[in-house]
Amino acid sequence: MRGPALRLYPAPGGEVDPGSIYADLDLPAGDPYLVFTMVSTVDGKAAQGGRANPIGSDLDHLLMRRIRSAVDAVMSGAGTLRAEGVDLGVPEEMARKRVSSGLREQPLQVIVTGSGELPLERRIFREAGDDLLVIVSEATPEEKVREISRRTTVRRVAGDPEPEVQEVVGLLRHEFGVRRLAVEGGPRLNHSLVAAGLADELFLTLAPKVIGGSSVPTIVAGEELPEDEVARLRLLSAYLQGSELYLRYRFTGREGNSL
Ligand SMILES: NC(=O)c1ccc[n+]([C@@H]2O[C@H](COP(=O)([O-])OP(=O)(O)OC[C@H]3O[C@@H](n4cnc5c(N)ncnc54)[C@H](OP(=O)(O)O)[C@@H]3O)[C@@H](O)[C@H]2O)c1
């Protein structure tokens with residue numbers, strides 16, 4: 001992993017072992033406490049050739065797994081699953097550490113869809129077993145629901161055409177006991193969660209790349225938020241390795257009524 005990293009914030013900074021970044025994350029329990037894990041280029045783009053995976057370095061990929069290993073559930077929108085081979089689990093040694101700290105071996109892996117158009121041939125549907133949950137909406141065609149149910153657990157919540165995010169997090173909290181949730185995008189799902197005021201933190205890797213392209217999404221897509229609903233964030237920590245930055249932010253409120 002290309003040598004040491006630097007902690008830039010909080011002060012005092014200094015050299016750190018990259019193995020220590022986000023290694024012992026102690027996220028608070030919430031209803032659930034919701035953190036985003038995203039990667040972006042310096043020009044704000046969230047996809048390279050239509051996928052997120054090529055944007056960040058190996059360390060970025062490792063940090064994403066460390067964040068997964070600190071939560072009860074990891075969630076992704078169907079658009080991301082259709083765009084790339086999403087796997088939402090953790091490697092074996094992280095799974096062992098989870099068990100020794102009282103968590104289930106793998107986080108619950110959650111996909112949300114309204115259309116029910118999922119690439120069911122993907123590995124996640126073969127390998128995640130009981131750890132996978134698909135949440136559909138009241139608009140999802142019955143035939144699609146039946147097809148998905150043959151592969152994995154499905155729950156239907158209110159929402160038309162897409163599952164309402166309050167219903168999604170309510171279901172995860174009350175039926176599945178999720179107190180800490182990592183959301184790995186994509187941009188449209190992120191927008192719904194931010195607009196609903198459900199976001200607590202953002203882990204953002206800023207990769208030293210410029211991609212360009214006005215149709216390439218940023219990490220939060222959809223309608224521009226009204227001026228007084230613009231979300232405000234406070235930096236919690238910043239690390240640097242090479243020219244890639246690992247930023248952790250706390251959502252603190254809205255432009256109209258920030259704390
Ligand atoms: N840079 C990063 O960190 C990162 C992370 C993830 C993804 N991406 C990139 O983002 C792109 C995909 O973007 P996307 O915006 O289509 O991804 P997305 O947010 O994963 O998918 C959007 C889809 O999620 C489903 N969904 C369910 N409930 C929703 C709700 N309440 N609000 C919004 N969506 C809901 C809908 O699926 P149905 O259409 O099935 O109804 C919707 O079309 C890909 O290029 C991917 O590589 C980047």
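The values are calculated or read from the model by the stated rules, or taken from the named source; none is laboratory data. Everything numeric here is computed off the predicted structure, so don't read it as measured data. With ideal geometry, Cβ positions are generated from the backbone for all residues, glycine too; neighbour counts draw on all protein chains shown.
Taking the criterion of being surrounded by 15 or more Cβ atoms within 10 Å (Cβ to Cβ) and among the small types (Gly, Ala, Ser), the residues of segment 205-252 that qualify are Ala207, Ala221, Ala231, Ser237, Ala238. Restricting the search to segment 20-48, which residues are closer than 28 Å to Gly212 by Cβ and either of a type in the set (Phe, Trp, Tyr) or within 9 Å of the ligand (Cβ to nearest atom) (or both)? Phe36, Thr37, Met38, Val39, Ser40, Thr41, Lys45, Ala46, Ala47, Gln48 - these are the residues of segment 20-48 that are closer than 28 Å to Gly212 by Cβ and either of a type in the set (Phe, Trp, Tyr) or within 9 Å of the ligand (Cβ to nearest atom) (or both). Sub-6 Å Cβ pairs linking a first residue in segment 179-190 that is without any contact (Cβ under 8 Å) to a residue 24 or more places away in the chain to a second residue that is not aromatic (Phe, Trp, Tyr), at least 6 apart or interchain, number zero.
Among the numbered conditions (1) surrounded by fewer than 16 Cβ atoms within 10 Å (Cβ to Cβ); (2) more than 23 Å from Met38 (Cβ to Cβ); (3) modelled with pLDDT of 95 or more, the only one that Pro91 does not meet is (2).
Conditions (1) at pLDDT 95 or above; (2) closer than 23 Å to Asp87 by Cβ; (3) out of contact with any Leu (no Cβ under 9 Å at 6 or more places or on another chain), marked per residue:
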{"residue": "Gly116", "(1), (2), (3)": "yes, yes, yes"}
{"residue": "Leu133", "(1), (2), (3)": "yes, yes, no"}
{"residue": "Val136", "(1), (2), (3)": "yes, yes, yes"}
{"residue": "Val154", "(1), (2), (3)": "yes, yes, no"}
{"residue": "Asp160", "(1), (2), (3)": "yes, no, yes"}
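Sort through Ser101, Ser69, Ser57 and tell me the only one that's in contact (Cβ under 8 Å) with a residue 60 or more places away in the chain, under 30 Å from Leu240 (Cα atoms) and among the hydroxyl-bearing types (Ser, Thr, Tyr).
On inspection, the qualifying residue turns out to be Ser57.
Which of the residues that make up segment 118-161 are within 12 Å of the ligand (Cβ to nearest atom), assigned to a loop (DSSP other than H, G, I, E, B) and in contact with a helix residue (DSSP H, G or I) (Cβ under 7 Å, 6 or more places away or on another chain)? Within segment 118-161, Leu118, Pro119, Ala158, Gly159 meet the criteria.
Being closer than 27 Å to Arg51 by Cα and in contact with a strand residue (DSSP E or B) (Cβ under 9 Å, 6 or more places away or on another chain) is the filter; apply it to segment 218-231 and report the residue that is farthest from the ligand (Cβ to nearest atom).
Applying the first criterion (closer than 27 Å to Arg51 by Cα) to segment 218-231 yields 218-225, 230-231.
Next, only the ones that are in contact with a strand residue (DSSP E or B) (Cβ under 9 Å, 6 or more places away or on another chain) stay: 218-220, 225, 230-231.
Numbers: Thr218: 9, Ile219: 6, Val220: 9, Leu225: 14, Val230: 19, Ala231: 16 Å.
Step by step, filter segment 218-231, then rank; the result is Val230.
Inside segment 162-186, residues that are within 10 Å of the ligand (Cβ to nearest atom) and under 18 Å from Ala139 (Cα atoms) make up a count of 7.
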